[in-house]
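Only one structure is covered here, and it is reproduced in the block below.
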Amino acid sequence: HAKADGRKRERFFAGEMEAQMQLRHALEADLRAAVEREQFELHYQPLYDLSQHRICGFEALIRWNHPIRGRVAPMDFIPLAEEVGLIVDIGRWVLRRACSDAAQWPEGIKVAVNVSAIQFSSSDLTQDVSEALAAAALSPSRLELEITESVLMENLSEVLPILHALKERGIRISMDDFGTGYSSLSYLSSFPFDKIKIDKSFVYDIVENKEAHAIMHAIILLGDALGMRVTVEGVETAAQLALLEREECDEIQGYHISPPRPAPDVPNLLSLLQNGGELHSREARR
Ligand code: C2E
Ligand code: MG
Ligand code: MG
Ligand code: MG
């Protein structure tokens with residue numbers, strides 16, 4: 001019996017795997033079509049300056065409007081896009097769209113764009129960035145590129161000259177998801193990042209948990225000592241905001257300020273959240 005059961009289970013797993021392969025292939029085909037048909041959309045989430053009490057920029061976050069599945073989150077297609085190389089075309093589209101959207105915003109408002117490791121190795125990123133800026137007539141000082149540790153791990157000697165070239169042109173470079181990689185700290189000394197974005201996993205219990213607070217405090221000091229701006233992602237409550245304000249964190253991002261919103265909502269967010277208006281009255285109500 002055990003043997004028969006084993007065989008049955010093997011057949012089941014083989015069937016499961018084949019079904020998953022088929023799903024992957026279907027998704028890959030859809031993704032190729034999506035690139036041609038530009039079925040993507042950028043949503044924008046405010047970056048909120050804690051000392052000036054105002055929005056200082058927006059992060060561009062991609063969404064895929066799938067004709068049948070509806071809106072697909074980046075985590076459900078970016079890894080596949082990276083694996084099959086489609087991220088290069090998608091990334092180019094993101095850069096162009098983000099720069100042209102940002103060109104419509106007030107001068108002081110920056111745009112942050114996520115860049116994948118593959119874009120460093122399989123395309124001329126500096127050229128793609130220059131073209132996007134030129135097409136939108138956007139000043140390089142208004143563009144921030146967010147990279148994760150995996151970009152640096154990929155090939156440091158190949159990536160560093162590109163980062164330096166981008167920085168020389170006035171583009172800012174942020175280290176995203178700081179603290180999640182096993183060697184984040186060592187990468188901090190390999191490049192003069194303009195900003196570190198502390199991962200949201202460090203935020204959720206800073207108010208209740210002494211140790212979590214202590215770690216946050218130390219990372220903010222570290223960023224400060226290295227002359228980098230410090231952003232905390234995933235801020236969801238007024239109490240977290242207040243604590244981070246006391247810690248002299250530079251910038252926050254999270255649902256408490258606003259979730260990512262479609263591009264046409266940006267002017268509205270700017271007028272609502274300028275000078276802390278809506279935010280402070282919201283806190284007062286709590
Ligand atoms: P990320 O760059 O770290 O972006 C922040 C993520 O946190 C976003 O998820 C955002 O919606 C989410 N978030 C914001 N505030 C809160 C909060 O208060 N609480 C919680 N729990 N989450 C919050 P999203 O939009 O699903 O994007 C996920 C990841 O996908 C991004 O993480 C980024 O790594 C990647 N990604 C998004 N757009 C692009 C893109 O255009 N190109 C590339 N290469 N990657 C992208
Ligand atoms: Mg990011
Ligand atoms: Mg992040
Ligand atoms: Mg500071």
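Some values worked out for this structure:
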| quantity | calculated |
| --- | --- |
| Strands (runs of 3 or more DSSP E) contained entirely in the range 1-101, each with at least 2 residues that are under 16 Å from residue 113 (Cα atoms) | 40-49, 54-66 |
| The range 208-235, residues that are surrounded by 15 or more Cβ atoms within 10 Å (Cβ to Cβ), outside any helix (DSSP H, G or I) and more than 13 Å from ligand 4 (Cβ to nearest atom) | 233, 234, 235 |
| Given (1) touching a strand residue (DSSP E or B) at 6+ places or on another chain (Cβ under 9 Å); (2) assigned to a helix (DSSP H, G or I); (3) open to solvent by 50 Å² or more (accessible area, probe 1.4 Å); (4) modelled with pLDDT of 95 or more, index of the condition residue 274 fails | (4) |
| Out of 37, 54, 69, 9, sole residue that is within 30 Å of residue 241 (Cβ to Cβ), open to solvent by 10 Å² or more (accessible area, probe 1.4 Å) and of a type outside the set (Asp, Glu) | 54 |
| Conditions (1) open to solvent by 10 Å² or more (accessible area, probe 1.4 Å); (2) on the phi < 0 side of the Ramachandran plot; number of the one not met by residue 60 | (1) |
| Index of the failed condition, residue 174 passing every other in (1) farther than 20 Å from residue 253 by Cα; (2) within 14 Å of ligand 3 (Cβ to nearest atom) | (1) |
| Tally, over the range 67-92, of residues that are under 14 Å from residue 42 (Cα atoms), of a type in the set (D, E, K, R) and out of contact with any Phe, Trp or Tyr (no Cβ under 9 Å at 6 or more places or on another chain) | 1 |
| Qualifying position, being at pLDDT 95 or above, away from ligand 4 (no atom under 16 Å from the Cβ) and over 23 Å from residue 167 (Cβ atoms), among 105, 93 | 93 |
| Among the candidates 231, 180, residue that is at pLDDT below 95, closer than 19 Å to residue 252 by Cα and within 16 Å of ligand 2 (Cβ to nearest atom) | 180 |
| Boolean, residue 22 is at pLDDT 90 or above and polar (S, T, N, Q) | no |
| Answer residue from the range 169-188, given it is farther than 18 Å from residue 150 by Cβ and open to solvent by 10 Å² or more (accessible area, probe 1.4 Å) and is nearest to ligand 4 (Cβ to nearest atom) among those | 172 |
| Of all residues in the range 73-117 being over 15 Å from the mean Cα position of the chain (by Cα) and within 10 Å of ligand 1 (Cβ to nearest atom), the one that is least open to solvent (accessible area, probe 1.4 Å) | 81 |
| Which numbered condition residue 160 misses (of (1) out of contact with any Ser or Thr (no Cβ under 9 Å at 6 or more places or on another chain); (2) at pLDDT 85 or above) | (1) |
| Subset tally (residues that are over 15 Å from residue 113 (Cβ atoms) and touching a residue at least 60 places away in the same chain (Cβ under 8 Å)) for the range 124-170 | 0 |
| Complete set of residues in the range 139-166 that are away from ligand 1 (no atom under 16 Å from the Cβ), surrounded by fewer than 20 Cβ atoms within 10 Å (Cβ to Cβ) and of a type outside the set (S, T, N, Q) | 140, 156, 158, 160, 161, 164, 165 |
| Leading residue by the ranking (nearest to residue 194 (Cα to Cα)) among those in the range 236-256 that are in a loop (DSSP other than H, G, I, E, B) and open to solvent by less than 10 Å² (accessible area, probe 1.4 Å) | 249 |
| Tally, over the range 100-137, of residues that are hydroxyl-bearing (Ser, Thr, Tyr) and more than 19 Å from residue 159 (Cβ to Cβ) | 1 |
| Subset of the range 26-64 [within 22 Å of residue 88 (Cβ to Cβ), touching a strand residue (DSSP E or B) at 6+ places or on another chain (Cβ under 6 Å) and not aliphatic (A, V, I, L, M)] | 39, 40, 41, 43, 59, 63, 64 |
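The values are calculated or read from the model by the stated rules, or taken from the named source; none is laboratory data. The model shown is predicted, which means the values in this text are computed figures rather than measured ones. Every residue, glycine among them, receives a Cβ derived from its backbone with ideal geometry; neighbour counts consider all protein chains shown. These accessible areas exclude ligands, DNA and RNA; they are computed on the full protein's heavy atoms, side chains included. Shrake-Rupley method; radii C 1.70, N 1.55, O 1.52, S 1.80 Å.
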